[in-house]
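Some notes on the structure that comes next.
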Amino acid sequence: MAEFKSKIKTIEWVENYSKMVDQTILPEKFEYVNIKTGQEMFDAIKTMIVRGAPAIGVAGAQGVVLYAQELEKDNLSRDEFVKTLLEKADYIATSRPTAVNLMWAVKKQKDVIKNSKSDIKGIVEELKQNGIKLENEDIEINKKIGDFGAEVVPKGAGILTHCNAGALATVGYGTALGVVRSAFANDPTIKVFADETRPRQQGARITTLELTMDGIPTTLITDGMCSYFMKKGMIDMVVVGADRIAANGDTANKIGTYTVAISAKYHNIPFYVAAPLSTIDTGIKTGDDIVIEERSREEVTHINGKIICAPDVNIINPGFDVTPHELITGIITEKGILKPDYTKSIKELF
Ligand code: MRU
């Protein structure tokens, strides 16, 4: 199995708090921040100190532990404790709407609370252990995704990716970039093209940072350049992450992914989505039902605090788009690569 050379652990439970990389200041500064209350965790997810679907899932689970630790000090009856904690868990799950991993992980914690036979102290401990389990499993899952994905990477491939579905979007190793890492371990001649990914530039700020830290050859391109390089024959495959996959394979991912998928189809280039099973929402039939986060106008009007447009211009800023399933060559999961017909292959898997 390929080894993750860089030592990034994006989010980690330490004794009784959460330690995470502050992704709002990358790449200028690489610093950790300690999150010690449930409200701080809600804010960290909302303001994208922690981001990326699997990472915010683990963050949500840890947020429930933080709330449990706070409520433990309030001298509540067991029933009051459980009721209030379940409400706090629901609150944490609303910190961002699109990535289903957040709701999935919070539900795992809610199941622990509901099924526990322990006293309050025991419930807190069970939640803590479950949070740590989810954290550890994430890395193992990503390595499996990476190894399945590496099998479909052609020798010496130019791989295009959008946004950041890497170590910093997960606990470690990454999903789409997990595929890149595993492929690179077998074939150091592969190279990555990273879309800048406006408006928040996760591709430029985060993907280029973590790949170059691992010594993986990476070229940064702006979002409008992908078709140009596809036409030139420099891109052999696309691999992206996902925030939510509907039961028919329609996939929500960072805004701009859909454009890349259309371009890939036009140029006959395979387009893969890499994601854990926790990103598949079988409760949602098609991508039309996926809630798309609407973000602030400042993300579009400003870059690094400087205005880049007419101050009063209209702005619309959806954080994600949905790539229709017919544009997706395969969905790389920890259980193998799903192929069309996705309604059938997803149903069989679950
Ligand atoms: O808004 P972000 O930065 O949280 O969006 C991240 C993405 O869109 C990722 O591609 C997705 O979450 C998959 S992360 C493995």
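Within segment 189-199, the only residue that satisfies the criterion of being open to solvent by 20 Å² or more (accessible area, probe 1.4 Å) and either on the phi > 0 side of the Ramachandran plot or among the β-branched types (Val, Ile, Thr) (or both) is Thr189. Taking residues in segment 309-321 that are farther than 11 Å from Glu298 by Cα and touching a residue at least 24 places away in the same chain (Cβ under 8 Å), and partners anywhere that are open to solvent by less than 50 Å² (accessible area, probe 1.4 Å) and of a type in the set (A, V, I, L, M), the pairs with Cβ atoms closer than 9 Å and at least 6 places apart or on different chains are Pro318/Ile255; Gly319/Ile255; Phe320/Ala99; Phe320/Ala252; Phe320/Ile255; Phe320/Ile290; Asp321/Ala252; Asp321/Ile255.
Just name the residue that is most open to solvent (accessible area, probe 1.4 Å) out of those in segment 89-131 that are outside any helix (DSSP H, G or I) and more than 16 Å from the ligand (Cβ to nearest atom). Before the answer, list the steps.
Initial filter on segment 89-131 (outside any helix (DSSP H, G or I)): 93-99, 116-119.
Keeping just the survivors that are more than 16 Å from the ligand (Cβ to nearest atom) gives 116-119.
Details: Ser116: 14, Lys117: 188, Ser118: 32, Asp119: 96 Å².
Top of the filtered list is Lys117.
Scanning segment 174-190 for residues that are touching a helix residue (DSSP H, G or I) at 6+ places or on another chain (Cβ under 9 Å) and more than 10 Å from the ligand (Cβ to nearest atom) yields a total of 10. Taken over segment 179-188, the criterion of being open to solvent by less than 10 Å² (accessible area, probe 1.4 Å) and of a type in the set (Asp, Glu) is satisfied by no residue. Here Val273 passes the criteria (1) touching a Leu at 6+ places or on another chain (Cβ under 6 Å); (2) within 16 Å of Thr175 (Cβ to Cβ) except the one numbered (1).
Give the number of residues within segment 183-207 that are aliphatic (A, V, I, L, M) and outside any helix (DSSP H, G or I). Walk me through how you get there before you give the answer.
If we filter segment 183-207 for residues that are aliphatic (A, V, I, L, M), which is where we start, we get 183, 185, 190, 192, 194, 204, 206.
With the extra rule that they be outside any helix (DSSP H, G or I), the set shrinks to 190, 192, 194.
Count: 3.
Just one residue in the set Leu71, Leu26 is within 16 Å of the ligand (Cβ to nearest atom) and either closer than 24 Å to Thr207 by Cβ or in the same structural domain as Met103 (by TED's automatic domain parsing) (or both); that residue is Leu26. Looking only at residues in segment 191-215 that are over 23 Å from Lys19 (Cα atoms) and among the acidic types (Asp, Glu), the one that is farthest from the ligand (Cβ to nearest atom) is Glu196. For segment 29-68, residues that are within 16 Å of the ligand (Cβ to nearest atom) and either open to solvent by 40 Å² or more (accessible area, probe 1.4 Å) or hydroxyl-bearing (Ser, Thr, Tyr) (or both) total 3. Checking each residue of segment 300-314 against the condition of being within 12 Å of the ligand (Cβ to nearest atom) and open to solvent by 20 Å² or more (accessible area, probe 1.4 Å) gives no match. Tell me, please, whether a residue that is under 22 Å from Ala59 (Cβ atoms), part of a helix (DSSP H, G or I) and open to solvent by 10 Å² or more (accessible area, probe 1.4 Å) can be found in segment 157-178. No - not one qualifying residue is present in segment 157-178. Has segment 294-306 got any residue that is among the acidic types (Asp, Glu) and over 23 Å from Ala105 (Cα atoms)? Within segment 294-306 (the criterion being among the acidic types (Asp, Glu) and over 23 Å from Ala105 (Cα atoms)), the answer is yes, since at least one residue qualifies.
Residue-by-condition table, conditions (1) farther than 10 Å from Asp321 by Cα; (2) small (Gly, Ala, Ser):
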| site | (1), (2) |
| --- | --- |
| Lys254 | no, no |
| Ala264 | yes, yes |
| His267 | yes, no |
| Thr286 | yes, no |
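Each row is one residue, and each column tells you yes or no for (1) hydrophobic (A, V, I, L, M, F, W, C); (2) within 16 Å of the ligand (Cβ to nearest atom); (3) in the same structural domain as Gly166 (by TED's automatic domain parsing); (4) on the phi < 0 side of the Ramachandran plot.
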{"residue": "Pro217", "(1), (2), (3), (4)": "no, no, yes, yes"}
{"residue": "Leu220", "(1), (2), (3), (4)": "yes, no, yes, yes"}
{"residue": "Met225", "(1), (2), (3), (4)": "yes, no, yes, yes"}
{"residue": "Met234", "(1), (2), (3), (4)": "yes, no, yes, yes"}
{"residue": "Ile245", "(1), (2), (3), (4)": "yes, yes, yes, yes"}
{"residue": "Ala252", "(1), (2), (3), (4)": "yes, yes, yes, yes"}
{"residue": "Ser263", "(1), (2), (3), (4)": "no, no, yes, yes"}
{"residue": "Ile269", "(1), (2), (3), (4)": "yes, no, yes, yes"}
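The values are calculated or read from the model by the stated rules, or taken from the named source; none is laboratory data. Bear in mind that the values here come from a model prediction, so they are computed numbers and not experimental data. Cβ: placed from backbone, ideal geometry, glycine included. Neighbour counts: every protein chain shown. Side chains are part of the model used for accessible areas, which takes the heavy atoms of the whole protein and leaves out ligands, DNA and RNA. Shrake-Rupley method; radii C 1.70, N 1.55, O 1.52, S 1.80 Å.
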